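S.K.: Structure in structure tokens, see below.
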Amino acid sequence: MTGRANSIIIVGGGASGVVLAAHLLKSPNPDLRVTLIEKRPHFGQGMAYSTLLSAHVLNVSAAGMSAYADDPGNFWRWLLERGLATSEQAPVYAPRSVYARYLKELLDELEARERETGRLRLIREESLSISPTPSGVEVALANGTSVVAHLAVLATGHDEEPGAGQGHAIRMGSEADTPLDAEAPVLVLGTGLSMVDAFLSLEQRGHRGEITAVSRRGLLPSPHRKGNPIKLDVADIPLGTQLSYFVGWFRDLIRENQKAGIDWRDVVDGLRPFNQKIWQNWPTSAKRRFVEHTKAWWDIHRHRMAPEVYARVTEAVQAGRIRPVAGRVVAIAAGEAFAVEIQSRHTKRLETLEVARIYDCSGIARDISTTSNSVVRSLVDRGLAKPDPLRLGLDVTANCELIASDGTVSAKILAVGPLTRGTFFEIDAIPDIRVQCARLSKRLLG
Ligand SMILES: Cc1cc2nc3c(=O)[nH]c(=O)nc-3n(C[C@H](O)[C@H](O)[C@H](O)COP(=O)(O)OP(=O)(O)OC[C@H]3O[C@@H](n4cnc5c(N)ncnc54)[C@H](O)[C@@H]3O)c2cc1C
């Protein structure tokens with residue numbers, strides 16, 4: 001199929017879908033046809049960029065958020081041109097709603113440019129299934145129609161973790177998130193970046209009650225700091241070793257650099273260009289141990305908060321407004337309020353808490369086999385796709401092709417973005433997604 005795939009359907013028009021479309025449409029091929037299918041009312045938003053709250057800022061500075069792999073300054077220039085940032089300000093952590101506007105304008109421009117050529121088609125509809133045909137693929141839509149192309153790329157992104165808090169927890173901003181007494185204590189399940197979003201939303205609404213945030217380890221994300229990532233060479237990095245050896249090596253590397261006055265963030269960021277390679281060289285057993293035991297630590301150092309957000313969270317923790325707890329919810333009794341029993345991770349002691357509301361900030365689903373996404377479900381149910389060995393996403397090759405349940409590699413159905421976590425691991429954020437989309441476009445179109 002490579003080199004002859006003139007018509008491509010992208011299922012999922014969140015950030016990854018838009019970024020992939022933008023890369024594909026760089027091709028001068030007049031016969032190219034790109035169809036982008038999105039079930040939400042707006043393209044380019046997905047789960048990350050649909051928030052309207054200005055306090056919900058990007059967790060990657062503007063310098064890293066360009067949609068184009070070969071033009072890393074694109075978003076930054078866009079901000080400057082619109083007076084949304086000044087050059088003295090860098091690093092800037094723009095509101096996520098501003099990033100949604102950037103992607104919208106980018107897509108609007110592509111749509112206007114391609115109107116005459118007919119190379120871009122946008123469809124606002126849910127995709128239910130993808131089926132291989134003798135000449136390509138057929139994508140069935142919820143309105144009963146279907147579209148055909150040479151190949152389809154899944155960019156369906158994240159799933160939310162289902163049924164947290166024994167079914168009593170609700171999502172911030174959902175219909176169930178009705179007005180709440182400003183002094184009411186609340187429980188948040190999760191202590192990561194989604195919890196931080198929830199705290200900022202509650203503050204915005206004038207909420208003053210205590211927020212207990214519980215997670216297995218009770219760890220809060222670290223803040224960004226301006227710095228210079230250290231330069232590493234692939235030869236410096238122990239690939240394919242036992243996880244314990246690798247972790248020891250990395251700790252030593254941080255210690256040595258800290259002795260030389262270098263901040264740990266510059267070491268974590270220096271490793272970033274090699275993260276996919278490191279992951280791909282580990283055997284499944286090491287990957288599994290990393291996900292179970294090390295990932296929580298890695299995440300709070302790697303996926304950091306904007307400094308201004310960190311300052312607000314720290315102030316709230318010091319003032320007792322946010323109470324992070326390392327533990328687990330063992331029971332919830334629902335009445336007028338919720339009586340929640342939490343067991344401390346360290347002391348094993350039980351604490352009973354009365355809260356008016358439980359927010360589910362457990363983040364994104366960690367097991368693709370529980371997905372409620374129609375198109376992913378249908379591919380897995382028919383054996384056209386299978387979960388990767390750790391069920392982080394779908395099993396794909398290094399070229400983003402789906403691997404069927406019988407091990408066959410599909411030349412017609414591919415995937416990008418978070419759905420490919422099992423193969424690429426570090427593939428959630430724009431700096432990695434845009435590189436993946438650029439490579440895939442090049443491979444498909446030459
Ligand atoms: C809260 C949050 C904040 C984040 N902040 C940042 C950040 O600051 N910087 C950064 O680099 N990364 C950030 N990320 C990481 C984020 O994963 C990526 O930046 C990016 O949003 C991933 O986009 P995506 O399109 O792959 O997935 P998603 O955003 O999940 O989008 C997938 C899209 O596919 C659509 N879709 C799904 N199934 C179907 C179907 N069957 N038919 C039709 N359409 C379908 C969905 O409606 C959705 O619009 C954040 C993630 C989250 C969750």
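S.K.: Just to confirm, what accessible area per residue do you get for the chain at 1.4 Å probe, in whole Å²?
M.R.: 46
S.K.: As an exercise, find the ratio Rg/Rh for the chain from alpha-carbon atoms, using the Kirkwood inverse-distance average for Rh.
M.R.: Using only Cα positions, Rg/Rh for the chain is 0.96.
S.K.: Right, here's the next one. Quick one: compute the contact order of the stretch 234-302, relative version, from alpha carbon pairs under 8 angstrom and 6+ residues apart, as a percent.
M.R.: Over the stretch 234-302, the number comes to 44 percent.
S.K.: Now for a separate question. Give me, ordered by chain and number, the residues 5 or more places off residue 323 or on other chains with an amide H under 5 Å from its own placed amide H.
M.R.: Long-range HN contacts for residue 323: 211, 212, 213.
S.K.: Keeping every protein chain in place, order 239, 445 by accessible area at 1.4 Å, biggest value first, i.e. largest first.
M.R.: So the residues, ranked largest to smallest area, are 239, 445.
S.K.: Under the 0.36 nm per residue contour assumption, what length would be gained going from the current alpha-carbon distance of residue 333 and residue 231 to full extension?
M.R.: Residue separation times 0.36 nm, minus the Cα-Cα distance, leaves 31.4 nm.
S.K.: Using only Cα atoms and rounding to the nearest 10 degrees, what angle (0 to 90) does helix 243-259 make with the longest principal axis of the chain?
M.R.: Tilt relative to the chain: about 70 degrees.
S.K.: Please identify which residues in the stretch 319-359 have an amide N closer than 16 Å to a label point set 7 Å out from the Cα of residue 296, following the Cα→Cβ vector.
M.R.: 324-330, 342-349
S.K.: How many percent of all Cα-Cα pairs in the stretch 138-196 sit more than 18 Å apart?
M.R.: 59
S.K.: Counting only other residues whose beta carbon sits under 14 Å from that of residue 334, what net charge do I get with K and R as +1, D and E as -1?
M.R.: -2
S.K.: Could you work out the per residue convex hull volume over the alpha carbons of the stretch 234-302, in cubic angstrom?
M.R.: Taking only Cα atoms, the stretch 234-302 has a hull volume of 81 Å³ per residue.
S.K.: In whole angstrom, how far apart do the alpha carbon centroids of the stretch 169-247 and the stretch 53-94 sit?
M.R.: Here the answer is 22 Å between Cα centres.
S.K.: Shifting gears a bit: For a quick protection proxy, order the peptides 204-212, 252-260, 372-380, 48-56 by their average other-Cβ count within 10 Å, most packed first.
M.R.: 372-380, 48-56, 204-212, 252-260
S.K.: The stretch 279-375: which GluC sites (Glu not before Pro) are DSSP loop and have at most 16 other beta-carbon atoms within 10 angstrom?
M.R.: Qualifying residues, ordered by number: 336.
S.K.: If you count only protein heavy atoms and use a 1.4 Å probe, how large is the accessible surface of residue 47, to the nearest 10 Å²?
M.R.: About 70 Å², rounded to the nearest 10.
S.K.: Assuming a ≥ b ≥ c are the square roots of the Cα gyration tensor eigenvalues, decide whether the stretch 287-344 counts as rounded (a/c under 1.5), prolate (otherwise, with a/b larger than b/c) or oblate.
M.R.: oblate
S.K.: Right, something else. Roughly what angle does helix 430-445 make with the longest principal axis of the chain, taking Cα atoms, 0 to 90 degrees, to the nearest 10?
M.R.: Compared with the principal axis, the helix lies near 10 degrees.
S.K.: What is the local net charge at residue 78, summed over the other residues whose Cβ is closer than 10 Å to its Cβ (Lys, Arg +1; Asp, Glu -1)?
M.R.: Computed value for this residue: +1.
S.K.: Net charge around residue 238, counting only other residues with Cβ within less than 13 Å of its Cβ (Lys, Arg = +1; Asp, Glu = -1)?
M.R.: With Lys, Arg at +1 and Asp, Glu at -1, the neighbours total -1.
The values are calculated or read from the model by the stated rules, or taken from the named source; none is laboratory data. Predicted model only: the values in this text are computed from it and were never measured. FYI the Cβ positions are ideal-geometry reconstructions off the backbone, even for glycines, and counts take in every protein chain you see. For the accessible areas, the whole protein counts, side chains as well, though only heavy atoms, and no ligand, DNA or RNA atoms are used. Shrake-Rupley method; radii C 1.70, N 1.55, O 1.52, S 1.80 Å.
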